[in-house]
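First comes the structure, then the notes that go with it.
The values are calculated or read from the model by the stated rules, or taken from the named source; none is laboratory data. Keep in mind that what you see is a predicted model, and the values were worked out from it rather than measured. Here the Cβ positions follow ideal geometry from the backbone for every residue, glycine too, while neighbour counts run over all protein chains shown. Keep in mind that these areas ignore ligands, DNA and RNA; they rest on the heavy atoms of the full protein, side chains included. Shrake-Rupley method; radii C 1.70, N 1.55, O 1.52, S 1.80 Å.
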There are 2 protein chains.
Amino acid sequence: MFAARLAEVQDSAAAALQAAIARQPAGELRDAMAYAAQGGKRLRAFLVLESAALFGLGEAQAMPAAAAVEALHAYSLVHDDLPAMDDDDLRRGQPTVHVKFGEATAILAGDALQTLAFGLCTDAALGPHRVELVAALAQASGAAGMVYGQMLDIAAETAAEPLDLAAITRLQAGKTGALISFAAEAGAILAGADRAPLAAYARALGLAFQIADDILDVTGDEAAAGKRLHKDAEAGKATFVSLLGLDGARARAAELAAEAEAALAPYGEKAETLRAAARYVIARDN
Amino acid sequence: MFAARLAEVQDSAAAALQAAIARQPAGELRDAMAYAAQGGKRLRAFLVLESAALFGLGEAQAMPAAAAVEALHAYSLVHDDLPAMDDDDLRRGQPTVHVKFGEATAILAGDALQTLAFGLCTDAALGPHRVELVAALAQASGAAGMVYGQMLDIAAETAAEPLDLAAITRLQAGKTGALISFAAEAGAILAGADRAPLAAYARALGLAFQIADDILDVTGDEAAAGKRLHKDAEAGKATFVSLLGLDGARARAAELAAEAEAALAPYGEKAETLRAAARYVIARDN
């Protein structure tokens, strides 16, 4: 049931995002945006739609927020992959945006995808709380959230000592955690409800997701992952695996997934798909 | 009176923007953001505050929008100056952000300044129409606005033929015009009033501003401008001066400034400072 639901979201969120991109002026910029927005697990869109469903908000209402979080995520990947940043040439099994369209276009496509994300959050379908959604997205993605985490990641590459567990957890909380939290809390924000249970769920889920990513970087298959693996070990970077060991990392991820599931208790049966997502993030192969 | 008012805005908008940046986590990213947000004419902030004043909205209400438009403008300059884009090493008389902080930090500081701009537009002080302000900022700065113009500019550099007047006007409408229009319309947006007169004012003002920029690129003094000049001529790029001649460009700018002033007729005396701004943009030396 979870896999089917995620596949559904992959299609519907991708369609909503591509439709928003298709409303921009034609040209290479739009082509690069559309290219950057292809593929991906759409886990963040799933979290938006499923957290919205907890509060009785349907897809027609929540979809612009799901498309927004995927636009924001796509922008972050385009900029992270740039030569001056992680310098990656492969993403989701395809050449990265700057490899295919050039660096200037990649910078601008990322910039425009960020803008699009905020524009999507103003869609009237989202209802009276959408300005709070914009504020939450700004908090999650800016200098106190995702970009902060990315900055810590860059600093770590030139640091004299590898990061310790506290530092790497802080890095993750920004780099991937903040946007996952935004996505999981989006339903509560749009409903004007208490965000605390979903915030606790998302904190555990986001960290479990990152630990699983570090495990995949060691054990994963490049074809399934669609990106270069083993980069962290080659670069001598600290990861949850290097700090906890492979077994320790697996145990910690399982513990966090259980913690994420437990945080959903207030929602009872309704949250079953979100619970399945917590099990999925530690079991996935890409 | 206009010069005194602009100087006031330079101080108050700069203070508001720097205060918002100071609320971000300490570190090199924040330092780079603060550095990028220094200096400048603050014409856009002025337009926000003065258009708001037309509708009886005071600085306490409109200032977050003024800081937002300056944050957005600062982000656009940081990214425009990058090696992969215009590759400028001097801006407002200082080393550009990537020269001072490195390219990765410059990309991230620009990204975070864009995010900050949207975050500022959600400030409750802006009142019930702030979600429309967010939507307008997304429209002005994204793939149909500023970034679109920047993309046309990059394409022009490798085009076989120099641009004609229609193409260069379209480029300007995006690259500098869209954000100037946003700024000038902000007051009407926040007041829930008709945007048409300010839109007409801003269209003429923005074009006059760009023509004056092209004139300054030929006749200006680098010390006063705080950036490299004569770049367009050296690069063989079409400008309003290359297409209209120096006298023709001056005449067109004066015509547009008069048009901008005339568009403010519905607001009578109250719009005098905005009229003075139209005279200023064609008379400035930087």
Exercise for review: Could you work out the mean count of beta carbons from other protein chains within 10 Å of each residue's beta carbon in B:78-88?
Suggested key: 3
Point to revise | Å² of accessible area per residue within region A:108-175, as computed with a 1.4 Å probe and no ligands counted | key: 34
Practice item. Run the accessible area of region B:1-160 with a 1.4 Å probe and give the carbon-and-sulfur part as a rounded percent. Key: 53
Check your understanding: How many Cβ atoms of partner chains, on average, are near each residue of A:39-51 if near means within 10 Å of its Cβ?
Key -> 0
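When ranked by the protection proxy of mean other Cβ atoms within 10 Å per residue, highest first, what sequence do the peptides A:260-268, A:185-193, B:134-142 form? Before the final figure, lay out the partial values.
Values: A:260-268: 17.1, A:185-193: 21.9, B:134-142: 24.9.
Going from most to least packed, we get B:134-142, A:185-193, A:260-268.
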Check your understanding: To the nearest 100 Å², how much accessible surface do chains B and A cover up together, summed over both, with a 1.4 Å probe?
Key -> 3200
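About its Cα centre, what dipole magnitude does region B:2-283 give when the only charges are +1 on Lys and Arg Cβ and -1 on Asp and Glu Cβ, stated in debye to the nearest 20?
Working: 23 positive and 36 negative charges, 120 e Å.
The calculated dipole for region B:2-283 is roughly 580 debye.
Report the charge-dipole magnitude of the protein assembly as shown in Debye, nearest 20, computed about the Cα centre from +1 at each Lys and Arg Cβ and -1 at each Asp and Glu Cβ. Spell out each step's value before the answer.
On the way: 48 positive and 74 negative charges, 233 e Å.
The dipole of the protein assembly as shown has a size of about 1120 debye.
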Check your understanding: What is the distance in Å between the Cα centres of region A:158-176 and region A:100-157?
Key -> 21
Review point. Straight-line reach from A:Lys100: which lysines have a Cα under 22 Å away, not including same-chain ones fewer than 8 places off?
Key: A:Lys41, A:Lys227, A:Lys231
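Using only alpha carbon pairs under 8 Å that are at least six residues apart, calculate the relative contact order of region A:45-112 and give it in whole percent. Each step should come with its number before you reach the end.
Working: 57 pairs, mean separation 17.3, N = 68.
Contact order relative to length: 25 percent.
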Practice item. Would you kindly find the accessible area of A:Ser242, with a 1.4 Å probe and non-protein molecules such as ligands, DNA and RNA excluded, rounding to the nearest 10 Å²? Key: 80
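How big is D, in µm² s⁻¹, for region A:2-283 by Stokes-Einstein at 10 °C and 1.306 mPa s if Rh is the Kirkwood radius over C-alpha pairs? Kindly include the intermediate steps, with their values, before the conclusion.
Working: Rh = 18.9 Å.
In µm²/s, the coefficient rounds to 84.
Could you tell me the relative contact order of region B:51-166? Use alpha-carbon pairs under 8 Å, at least six residues apart, and round to a whole percent. Please list the in-between numbers first.
Numbers: 98 pairs, mean separation 29.9, N = 116.
This gives 26 percent for region B:51-166.
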Practice item. Be a star and scan region B:78-121 for residues whose amide nitrogen sits under 16 Å from the point 7 Å along the Cα-to-Cβ vector of B:Arg228. Key: B:78-100
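Just to make sure I understand: if all protein chains stay in place, what is the order of A:Asp86, A:Asp164 by accessible area at 1.4 Å, largest first?
Details: A:Asp86 40, A:Asp164 85 Å².
Ranked from most to least accessible, the order is A:Asp164, A:Asp86.
Rounded to a whole number of µm²/s, how large is the Stokes-Einstein D of the protein assembly as shown at 20 °C and 1.002 mPa s, given Rh as the Kirkwood radius over C-alpha pairs?
Numbers: Rh = 24.4 Å.
Reported coefficient: 88 µm²/s.
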Exercise for review: Mind jotting down the distance between the C-alpha centroids of region B:248-284 and region A:1-49, whole Å?
Suggested key: 44
Point to revise | Accessible-area ranking of A:Glu70, B:Glu272, A:Glu157, largest first, probe 1.4 Å | key: A:Glu157, B:Glu272, A:Glu70
Practice item. Using the charge dipole of region B:2-283 (Lys, Arg: +1 at Cβ; Asp, Glu: -1 at Cβ; taken about the Cα centre), state which of B:Pro266, B:Gln94, B:Leu207 has its Cα farthest towards the positive end. Key: B:Pro266
Review point. Please report, for the Cα atoms of region B:142-286, the Rg to one decimal and the Dmax as a whole number; what are they, in angstrom?
Key: 15.6, 49
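Residues of A:153-166, mean number of Cβ from any other protein chain within 10 Å of their own Cβ, rounded to a whole number?
Numbers: counts 1, 7, 5, 0, 1, 1, 0, 0, 0, 0, 0, 0, 0, 0.
If you average over the peptide's residues, the count of other-chain Cβ atoms is 1.
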Point to revise | Accessible area (Å², 1.4 Å probe, nearest 10) - A:Lys231 | key: 70
**Study point:** Distant-in-sequence amide H partners of B:Leu90 (H built 1.01 Å from N, under 5 Å)
**Key:** B:Thr96, B:Arg228
Practice item. Report the one residue of B:Leu17, B:Leu54, B:Met151 whose Cα lies farthest in the direction of the positive end of the charge dipole of chain B (charges on C-beta: Lys and Arg +1, Asp and Glu -1; origin at the Cα centre). Key: B:Leu54
Revision key, fill the gap. Percent relative contact order for chain A, counting Cα pairs under 8 Å at least six residues apart, stands at 19
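Normalized C-alpha radius of gyration of region B:2-136, against 2.2 N^0.38 Å? Present the calculation step by step, with values, prior to reporting the outcome.
Numbers: Rg = 14.8 Å, N = 135, 2.2 N^0.38 = 14.2 Å.
Cα-based Rg divided by the globular estimate yields 1.04.
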Review point. Leaving out ligands, DNA and RNA but keeping every protein chain, what accessible area does B:Phe182 have, in Å² rounded to the nearest 10, with a 1.4 Å probe?
Key: 10
